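Taking it in order: structure first as structure tokens, then the write-up.
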Amino acid sequence: MVATASQKAQRREGSYAIVTERTRDMMQVLEELFRHIYQIRALSRRLEEPDCSFTISELVFEIEDIFKSVLTANTMEIAFHGDKSLGTRGNREVFRQVLLNLTLNSIEAQRDSGRQRSNTISIRVRKEESSTQPMLVIVFSDEGPGINRKVFPNPEEIFLLGKTSKKNGTGTGLTISRNLINQMFSGDLRLISAHPAVFEIRAPAIDKE
């Protein structure tokens, strides 16, 4: 059967739409990749900064201010719980970047799910005593959809480089964050619950009066 001119035109339009969508998706992936590269470069320039003592509460309040309008637009809020004097010592900007990345992941998960109900990001801080070194424990959680079961049947795979549930993600943020906490703070970043998503950060603790 010979296609009519109208049918041929529709096929061309359909093919063009597919190509356009794929091009748009690729551009979004590249934008995401360039964003991470920019963040890594910006961070690398600050890796040589001298270590300092800082509290987790001051970082949280800074992040809340950075994301204020985005949180409101997505019916979200940040709630800090715990002793405001608890903190650690090391590269302040590196630790802030880790918390920024976790917060951004929560916001993007809320946005991509299309959920309209409110969602609170809870950041709980406590000190865990031990016979050697008191440890700072930060529990980061939200009320979002949790880890995507289809993409991550094994939730621990979220820390694998390049693996992501985001349509145009790069799968680098959590991998880099865990490595930074491990290498620069002698600590750890781990997932302690997948549904809801709950992360725990551990690092040597200090009390900053």
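Restricting region 56-81 to residues that are among the aromatic types (Phe, Trp, Tyr) and not in a helix (DSSP H, G or I), which is modelled with the lowest pLDDT?
Per the stated criteria, the residue is 67.
Need at least 3 residues that are at pLDDT 85 or above and at positive phi per element, so show me which strands (runs of 3 or more DSSP E) inside region 92-209 make the cut, counting only ones lying wholly within it.
none
In region 76-103, which residue that is in contact (Cβ under 8 Å) with a residue 60 or more places away in the chain and among the hydroxyl-bearing types (Ser, Thr, Tyr) is nearest to residue 151 (Cα to Cα)?
Within region 76-103, the match that is nearest to residue 151 (Cα to Cα) is 88.
Sort through 106, 69 and tell me the only one that's out of contact with any Pro (no Cβ under 9 Å at 6 or more places or on another chain) and without any contact (Cβ under 8 Å) to a residue 12 or more places away in the chain.
Answer to the selection: 69.
The values are calculated or read from the model by the stated rules, or taken from the named source; none is laboratory data. Treat the numbers as computed from the prediction; the structure is a model and nothing was measured. Positions of Cβ are generated from backbone atoms using ideal geometry, with glycine treated the same way; all protein chains shown enter the neighbour counts.
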